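**Q** Okay, here's the structure, questions in a sec.
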Amino acid sequence: MVGAALVILGQQSLDDGPRGGLITLVSGEYWWTLLVALAAVALVGWSYSVLAWRMTTYAIGEETVHLRRGILFRQQRHARLDRLQSVDIRQPLVARFFGLCELTLETAGGTDSGVAIGFLKGSDADELRAELLARAAGLKVARTGPAAGAPTQASPGAVAAPAGPGHAVPVGPAPEGQPGQPLEAVAPGPTSLEAPQVPVLSVPLGRLIASVVRSGAMITLVAWALVVVVVMIATGEFAVISASLPAVLGAGGYLFGRLTGEFDFRVAISPDGVRLRHGMLETRSQTIPPGRVQAVRLVQSVLWRGRDWWRVQVNVAGYGGESEEKNSVLLPVGTREEALTVLSLVLPDLGVDEPRRILDAGLDGDSRTESVYVTAPRRTRILDPVAWRRNGFTVTGRALLLRRGRMVKILDVVPHERTQSLGLSQGPWQRRLGVASFQVHSTEGPVHPEAPHLDAGDAARLMAEQATRARSARAAAGPERWMERQGE
Amino acid sequence: MTSPFEPHDVTWSRVSPRLVTAMLVPATISLGIPMVVGVVLAVTISPWFWLLAGVPAVFLLWSILLIPRQVRAIGYAERDDDLLIRKGVMFRSMVVVPYGRMQYVDVEAGPLDRKLGLAKVQLHTASVGTDAQIPGLPPDEAARLRDRLASRGEARLAGL
């Protein structure tokens, strides 16, 4: 962190000074003042960082995580572990040189509600994550070293005691209850809390590049470039290029970010939920515990159809906001088999006998194919001439499936117990045709489940029945602490 | 054809008609000022400024006609397990919010609302998409609804 601060401060102080002034200063006889000023800035930045580091402490309690930070404006944050939505370990490029990580614990409190503990040594971050997940899962965890919840310095220096008494180890099988939990089978030791993970799949680099080349953003970029070239030839003005540069840079930056962010994407499953690991410059290792996925979207952009590739995105509470693009991807690109495998990791049971048939019909079926989907009536083709055959929904025992889109095909899956609220809307044209659009409101994220232009009767029935289904599914839903359900 | 906005087992409560005043006053101010300016300029400088006066006048007339209908279209209903809110004349919408999904309830009243004896109740779930607000409630009814929603939400509270 200090190193990063130094680098950034150094860059800033160089950038701030006007170039001309800098050159005259360097060539003049008072050149040494520049060095002194730089050193002063570096010293101030360094001491600020040291102070900030000293003020940042965290502690793990029985049911909460505490974080204290800030120098002038102090902040204390307590997060309840049973409300934990995900635990991510992020390693930016600079931190990687020093072997440091930042651990972020998302709770469902909206933007900036997470607890970011940074920076930690890599192994400490892994252990902390394992401990947090074990506690959030409802396993009994005791610290054999200092009393539980003793403040620990959030820094490499202070947590340097490795694999020693300061470690969290699980209490052996609790004498009275919770027998037969899978985690307790693992021998106690430094890594004993780490739930065993099974790799499921990884995305080959070639396919990732091909998928980005065939993505919607790339199509837009190429079309834009063609327009620019045509305009340039027609007008003979080269200034067109420089005028269109910002848009090209923006699209290029997005594509580059997608490529580096989703580089070496690996999906694994563990008792603590789905594990994702990805990134080239900044690596992220995400853990999404069971039952935290609010909605899933499978989407296929138009040029992916030939290879039958799909992208899987999720809504997880706390993942919304600016980092949505990086966090909410469960599979950047994969075959249909892989996409459905990933879907089954987060929603293991759809509550039907033959999920594959329903899912296939949702992915590329339309109203001409025989399926259980309730589709939009033929009269809506005037409202949605391209995709009206695709608009539809079906209900299974555990989830609501909504499909739409013909160029860009979309299938949204919302488990009944994760429905927040339901909406129905109808414009003047829709009223005339006797149709209405149905929405499921989910937490902030890339998935916005809706079924456009349903027959008014179907929509009203779906609205009434879905409210009932969501209620009974919530009553039957598993506990927030996911390991407790085996113990009972 | 039955409307999907009229579930059969629901009795809708209406909001106070004073909401018409509360909505018309800001509309009159924001549209009336450019209208008056336009009229003054048209009389003193050039008849072309009648255009400037005409456009807000049309919008104002439209609002005066539409707002009473919009207010009458707002309805809410407390069912056993969820709250229904509907609104809109041309573009209709209805939202169902289960009590167990409510994260918090806001009661707001601006200066004009307070003068007229009105308050707005807004429900928040974990979704930003939930647009569940009931404007134009008398303060007593707003307080009653708030307490009732809070207690029902507590009784049916579920995780996310």
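A short reminder: the numbers here are calculations on the coordinates, not readings from a lab. All figures in this text were calculated on a predicted structure; none of them were measured in a lab. All Cβ positions, even for glycine, are placed from backbone atoms using ideal geometry, and neighbour counts span all protein chains on display.
**Q** Lysines within cross-link reach of B:LYS87: Cα-Cα under 25 Å, excluding same-chain residues under 8 positions apart?
**A** Cross-link targets: B:LYS115, B:LYS120.
**Q** Based on the alpha-carbon gyration tensor of region B:111-160 and its eigenvalue square roots a ≥ b ≥ c, which shape applies: rounded if a/c is under 1.5, prolate if not and a/b is larger than b/c, or oblate? Could you put the intermediate results ahead of the total?
**A** On the way: a/c = 4.29, a/b = 1.71, b/c = 2.51.
Verdict is oblate for region B:111-160.
**Q** Would you work out the charge dipole size for region B:78-160 about its Cα centre, treating the Cβ of every Lys and Arg as +1 and the Cβ of every Asp and Glu as -1, and quote it to the nearest 20 debye? Write down the numbers at each step before the final one.
**A** Numbers: 13 positive and 12 negative charges, 39 e Å.
In total the dipole reaches around 180 debye.
**Q** Per-residue Cβ counts within 10 Å, from other chains only, averaged over A:425-431: what number is that?
**A** On the way: counts 8, 9, 5, 4, 0, 2, 7.
Per residue, the number of nearby Cβ atoms from other chains is 5 on average.
**Q** How far is the Cα center of region A:360-374 from the Cα center of region A:423-488, in Å?
**A** Rounded to whole Å, the Cα centres lie 19 Å apart.
**Q** Counting only other chains, what is the mean number of Cβ atoms within 10 angstrom of the Cβ of each residue in peptide A:446-456?
**A** Values: counts 0, 0, 2, 1, 1, 0, 0, 0, 1, 2, 5.
Taking the mean over all residues of the peptide, I get 1.
**Q** When the chain is fully extended, how far beyond the present Cα-Cα distance does A:ARG356 get from A:THR235, taking 0.36 nm per residue of separation? Mind showing how you got there, number by number?
**A** Working: separation 121, 0.36 × 121 = 43.56 nm, distance 5.50 nm.
Contour length minus the Cα-Cα distance gives 38.1 nm.
**Q** Which of B:VAL37, B:VAL10, B:GLY136 sits closest to the plus end of the dipole of chain B, meaning its Cα is farthest towards the positive end, when Lys and Arg get +1 and Asp and Glu get -1 on the C-beta?
**A** Result: B:VAL37.
**Q** Hey, another quick one. Would region B:63-113 count as rounded, prolate or oblate if I go by the C-alpha gyration tensor, calling it rounded below 1.5 in a/c and otherwise prolate when a/b exceeds b/c, oblate otherwise?
**A** Taking the square roots of the gyration eigenvalues as a ≥ b ≥ c, region B:63-113 is oblate.
**Q** About its Cα centre, what dipole magnitude does region A:39-89 give when the only charges are +1 on Lys and Arg Cβ and -1 on Asp and Glu Cβ, stated in debye to the nearest 20?
**A** On the way: 7 positive and 4 negative charges, 50 e Å.
My answer is approximately 240 debye.
**Q** Can you give the FRET efficiency for A:ALA476 and B:GLN70, using 1/(1 + (r/R0)^6), R0 = 45 Å, r = Cβ-Cβ distance, to the nearest 0.05? Display every interim value, and only then the final one.
**A** Values: r = 40 Å, r/R0 = 0.90.
That pair, A:ALA476 with B:GLN70, gives E of 0.65.
**Q** Please sort by residue number the GluC sites (Glu not before Pro) in region A:22-125 whose DSSP state is loop and whose Cβ has at most 11 other Cβ atoms within 10 Å.
**A** Answer by residue number: A:GLU29, A:GLU62.
**Q** Could you work out the mean count of beta carbons from other protein chains within 10 Å of each residue's beta carbon in A:286-296?
**A** Values: counts 0, 0, 0, 0, 0, 2, 2, 0, 3, 1, 0.
Partner Cβ neighbours, averaged per residue: 1.
**Q** Could you size up the charge dipole of region A:309-349 around its Cα centre, putting +1 on the beta carbon of Lys and Arg and -1 on that of Asp and Glu, and report it in debye to the nearest 20?
**A** Values: 3 positive and 6 negative charges, 15 e Å.
It comes to approximately 80 debye.
**Q** Under the classification rounded if a/c is under 1.5, otherwise prolate if a/b is larger than b/c and oblate if not, where does region B:74-155 fall, given a ≥ b ≥ c as square roots of the Cα gyration tensor eigenvalues?
**A** On the way: a/c = 1.76, a/b = 1.19, b/c = 1.48.
It is oblate, given that a/c is not under 1.5 and a/b is not larger than b/c.
**Q** Along the charge dipole of region A:356-488, which of A:PRO415, A:GLN430, A:ALA477 sits closest to the positive end, that is, farthest toward it, with unit charges on the beta carbon of Lys, Arg, Asp and Glu (+1, +1, -1, -1)?
**A** A:GLN430
**Q** Using Cα centres only, tell me the gap between region B:1-60 and region A:243-271 in whole Å.
**A** 46 Å
**Q** What residue among B:PHE59, B:PHE49, B:PHE91 has the largest mean-square fluctuation in a Gaussian network model of chain B, using Cα springs under 10 Å?
**A** B:PHE91
**Q** Students often forget the sequence filter, so: which lysines lie under 24 Å Cα-Cα from A:LYS326 once same-chain residues fewer than 8 apart are removed?
**A** A:LYS121, A:LYS409
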